[in-house]
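Asker: Handing you a structure now.
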Amino acid sequence: MNKWIPVALCGTLFTGVCAETTNTVDSARIVVTATRNADNIRTVPANPTVITAQDIAEGHYTSVPEVLEKTAGVFFRNYTDNPSQAIIDMRGFGDNSHGRVLVLVDGRRLNEADMSALNWSSIPLNGIDRIEVISGPATVLYGDNAVGGVINIITAGGSEEPSASFNASAGSYEAYDQNATVSGQLGGLGYTVAADHQSGDGYRDHSRYDNVSFYTGLDIIPNEFFAGKVFFSVVDRQYQLPGALTETQTEDDRRQSDEDSDVRDTQYNVQFNTIFTPDEHNTFAFDFGYRRFDQFANLNREYGPWGTYYDSFKNTWTLEPHYTVTFPIGNAANETTVGMDWRDETIRVNRFGDHSRHEKSAKETVDQETMDFYLNDRLFLMDSKLIANAGGRAGQSRIKVKDRDLTGSELIYDEAKTRHENAFTVGLTALPLDTVKLYVKYDEFYRFPFTDEQANYYGYTTDSFMDIDPERGNNIELGGSFAPTEKSTITLTAYRMEMEDEIRYNPSTYLNENMPDTLHQGLDLTAHYTVNDLLQFRLIYNYTEAEFTKGSNDGKRIPWVPRDRFRAVIDITPLKKITLTAGATYTGKMYAINDNSNAGNSQGGYTLFDLMLTYNSTCKGIDWNAFAGVDNLFGKEYDLWQTSNASGTTINHYPAPEQTWKVGLGVKF
């Protein structure tokens, strides 16, 4: 068990609540993301998905996106099959959906200030203790980006006994992955060191990638009142972009590329988290983070006539203190959390006229500061069988952009804008039986625009500053979980999100704009049944109805959002050491990005099948594992992504790999 859990749990919950929960809670049933305090998964107004380190190890995954897609049913798209570039979508937002899902590492955000996709290689898989997935808005607790959901990657603490592991795998198209981990404790100090290297030629021509990541974490737990965690990570990537293909090119050779774009970047992360619990009623937490992201891009033809060459340097500082107090109100326990989130982001961009970089053509400076205050309260009624939750957030974001054309020594623009937004949530969770949980909640949420949604400065089109409004919306959601037997669980969530001023790219004006109102509603279902030691079943179903509700596209579906997503998995263990896992994933039809009028052809629904055979054994204190797997078993041809012009008459294709295989071997001692 992660040592943070007992410290945070007993420090943030009232004594009566703690007594009610600790008898039935194990580490897989404690979530920290849903309330920003460690808590029983049954008491939060959501249906969280918890993916443990054991789940990751047994699945022999090679990236966080693969873990989320196959175990939590999360939808991804990608320009290539480089796992570090995958773009996430939750609750049906299509283009730029990654900006509406907040991704955290130990509570600190990975999302960039601009529209750049986040880097999934930031933490090696073997350095992860667990991943918590919360669907739906969480703006009150986390602020910007937490619209479609929150994903919190929680890093591993030092193991009680010294341990080391090594894993290596090889796969189709020269895909290789090697990782190593060392973990243990020295007195009151726990340590984890993890490193990972991924490389591959890619399915398409000109799609090679090489990712190297390193992570080291220290747990400081000198006594029962204080816990601290420090970690440092660095990830270096080099990758190529194969670009889009026309319909004719795709039919002729779906693996070809006429692109020569390439990117190199390095990201550094430093975090320091502390929890101080002087007594059973008070908890003080202070979190500090710093991230530096340097990127060197040659996007020659990837963006057509707006091909650009730039060097970008981003620095992000965060401070996030919060205080939790528990006290009785009559016979009920009450928990109140107040906090502040401060974030300062700077971006420096140097643009060049060609690949040689002999002379700068433009220089941009972007500064964005966000300051939020929030309060959240939970009241435990009826012996903690009924939990009421309410909270609010006041947020402010100020951006300042200066853009200078160096070819003519001309100031293009020097603009600043300050925006204020508020969020609110109220919810009720009922626990009528030990096997039943029911909840309902209502949220009002917002999202501030990305820096490059507010200002054009990367050179993709005419540089300008735009007075674009933040996104706003409301969400009503109800759901619950049911455990009909000790070996089976079912969760069900229904939601309806109404949004105004949703920001989308307008292919007619080549600008990001506030669109007419949109609606996102649907149903999420998960089920798990362990028949016996030999047989298990898992099922994930997502129904998503995302459409425009006003304007010229009223009633049309939001592009690149499948209405139906379905994944079924069966685990068969015919022998004690051998397991066969068979999975099937169905994705419904989608219209190409930019086809807001649904005028073009859609990518029809398709089903992908995968198989994995694993072998696990222990000999003389050493754990051995081996695996062999196949994805897209029957070689289905489909696209990772499609874009179109405004009329939907021209479709650009980003073909997905056909059948792929991988094999690997690992040891732990």
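Asker: Around Asn506, which amide H atoms from residues at least 5 apart in sequence, or from another chain, sit under 5 Å from its own amide H, with H modelled in the peptide plane?
Answerer: Leu511, Asn512, Glu513
Asker: What is region 70-110 by shape, rounded, prolate or oblate, if you read a ≥ b ≥ c off the alpha carbon gyration tensor as root eigenvalues and call it rounded for a/c under 1.5, prolate for a/b larger than b/c, and oblate otherwise?
Answerer: Judged from the Cα gyration tensor, region 70-110 comes out rounded (a/c under 1.5).
Asker: Taking 0.36 nm per residue of sequence separation and subtracting the Cα-Cα distance, how much length would be gained by fully extending the chain between Glu359 and Val230, in nm to one decimal?
Answerer: Working it through step by step, the gained length comes to 42.3 nm.
Asker: For a Förster distance of 22 Å, can you work out the FRET efficiency between the beta-carbons of Asn601 and Ser508, rounded to the nearest 0.05? Mind dumping the intermediate values first?
Answerer: On the way: r = 20 Å, r/R0 = 0.90.
Step by step, r from the Cβ atoms, then E = 0.65.
Asker: Under the rule a/c < 1.5 gives rounded, and otherwise a/b versus b/c splits prolate from oblate, where does region 115-207 land using the Cα gyration tensor?
Answerer: Details: a/c = 2.95, a/b = 1.02, b/c = 2.89.
Since a/c reaches 1.5 but b/c is at least a/b, the shape of region 115-207 is classed as oblate.
Asker: For Ala333, enumerate residues with amide H under 5 Å from its amide H, sequence gap 5+ or separate chain, H modeled in the peptide plane.
Answerer: So Ala333 has HN proximity to Phe380.
Asker: Can I ask one more? How far apart, in nm, are the 7 Å Cα→Cβ label points at Asp564 and Ala646?
Answerer: So the two model labels end up 3.5 nm from each other.
Asker: What's the extension gain from Leu406 to Thr336 if we count 0.36 nm per residue and subtract their Cα-Cα distance?
Answerer: 19.9 nm
Asker: A further question follows. What percentage of the solvent-accessible surface of region 326-473, computed with a 1.4 Å probe over protein heavy atoms, is contributed by carbon and sulfur atoms?
Answerer: 54
Asker: So for the chain, averaging the separation of alpha carbon pairs under 8 Å that are six or more residues apart and normalising by length, what relative contact order in percent results? Walk me through the numbers before you get to the answer.
Answerer: Numbers: 1945 pairs, mean separation 69.1, N = 669.
The value is 10 percent.
Asker: Over 5 Å intervals from 0, what percent of Cα-Cα pairs in region 278-390 sits in each interval?
Answerer: Percent of Cα pairs in each bin: 2, 9, 14, 12, 11, 8, 8, 7, 7, 6, 6, 5, 3, 1, 0.
Asker: Something else now. How much of the accessible area of region 54-144, probe 1.4 Å, is carbon plus sulfur, in whole percent?
Answerer: Taking all protein chains in place, region 54-144 shows 46 percent carbon and sulfur surface.
Asker: Roughly how many percent of the accessible protein surface of region 522-669 is carbon and sulfur, given a 1.4 Å probe and a whole-percent answer?
Answerer: 59
Asker: Another one. So how much slack lies between Lys487 and Cys619, counting 0.36 nm per residue of separation and subtracting their Cα-Cα distance, in nm?
Answerer: So the chain would gain 44.5 nm between Lys487 and Cys619.
Asker: Moving on to the next point. Can you pull the accessible area of Phe296 for me, 1.4 Å probe, Å² to the nearest 10?
Answerer: 50
Asker: Related question: From the phi angles alone, apply the Karplus equation (6.51, -1.76, 1.60; θ = phi - 60°) to region 210-220 and give each ³J(HN,Hα) in whole Hz, x where the residue is Gly or Pro.
Answerer: Those phi angles translate into 8, 10, 10, 10, 9, 9, 9, x, 10, 9, 10 Hz.
Asker: Rounded, prolate or oblate, given the Cα gyration tensor of the chain, with a/c below 1.5 counting as rounded? Write down the numbers at each step before the final one.
Answerer: Values: a/c = 1.40, a/b = 1.21, b/c = 1.16.
Cα axes put the chain in the rounded bin.
Asker: Let me check against my output: what whole-number percent is the relative contact order of region 99-237, with C-alpha pairs under 8 Å and at least 6 apart?
Answerer: The normalised contact order for region 99-237 reaches 20 percent.
Asker: HN-Hα J couplings of region 181-197 from phi, Karplus 6.51/-1.76/1.60, θ = phi - 60°, integer Hz, Gly and Pro as x?
Answerer: 9, 10, 8, x, 9, 10, x, x, 10, x, 9, 9, 10, 9, 9, 8, 9
Asker: Also, quick follow-up: Roughly how many nanometres apart are two label points built 7 Å out from the Cα toward the Cβ at Trp317 and Asn223?
Answerer: 3.2
Asker: Which whole-Hz couplings ³J(HN,Hα) result when phi for each residue of region 554-563 is put into the Karplus expression 6.51 cos²θ - 1.76 cosθ + 1.60, θ = phi - 60°, listed in order with x for Gly and Pro?
Answerer: Taking θ as phi minus 60°, the curve returns 3, x, 7, 6, 5, x, 6, 10, x, 6 Hz for region 554-563.
Asker: Provide the net charge surrounding Leu511, with neighbours chosen by a C-beta distance below 13 Å and charges set as Lys +1, Arg +1, Asp -1, Glu -1.
Answerer: For residues surrounding Leu511, the net value is -4.
Asker: Follow-up. For Thr155, what residues show an amide H to amide H distance below 5 Å, using hydrogens built from the backbone and excluding near sequence neighbours?
Answerer: Excluding prolines and chain starts, which carry no amide H, the hits are Asp106, Asp129.
Asker: Put a dot 7 Å past each Cα toward the Cβ at Thr461 and His528; how far apart are the dots in nm?
Answerer: If labels sit at His528 and Thr461, their model points lie 4.5 nm apart.
Asker: Per residue, how large is the accessible surface of the chain? Use a 1.4 angstrom probe and give square angstrom.
Answerer: 40
Asker: Turning to a different aspect of this structure: Let's test the formula: R0 of 22 Å, r as the Cβ-Cβ distance of Phe669 and Leu186. What FRET efficiency results, to the nearest 0.05?
Answerer: The computed FRET efficiency comes out at 0.75.
Asker: Right, something else. Can you give the log10 of the normalised intensity I(q)/I(0) at q = 0.11, 0.26 Å⁻¹, computed with Debye over equal Cα scatterers of region 430-507?
Answerer: Computed log10 I(q)/I(0) values: -0.53, -1.15.
Asker: Let me ask you something else. Do you know the relative contact order of region 503-661, to the nearest whole percent, from alpha carbon pairs under 8 angstrom that are 6+ apart?
Answerer: 16
The values are calculated or read from the model by the stated rules, or taken from the named source; none is laboratory data. Bear in mind the structure is a predicted one, so any value in this text is a computation, not a measurement. Neighbour counts run over all protein chains shown; Cβ positions are idealised from the backbone, glycine included. Surface areas here come from the heavy atoms of the whole protein model, side chains and all, with no ligands, DNA or RNA. Shrake-Rupley method; radii C 1.70, N 1.55, O 1.52, S 1.80 Å.
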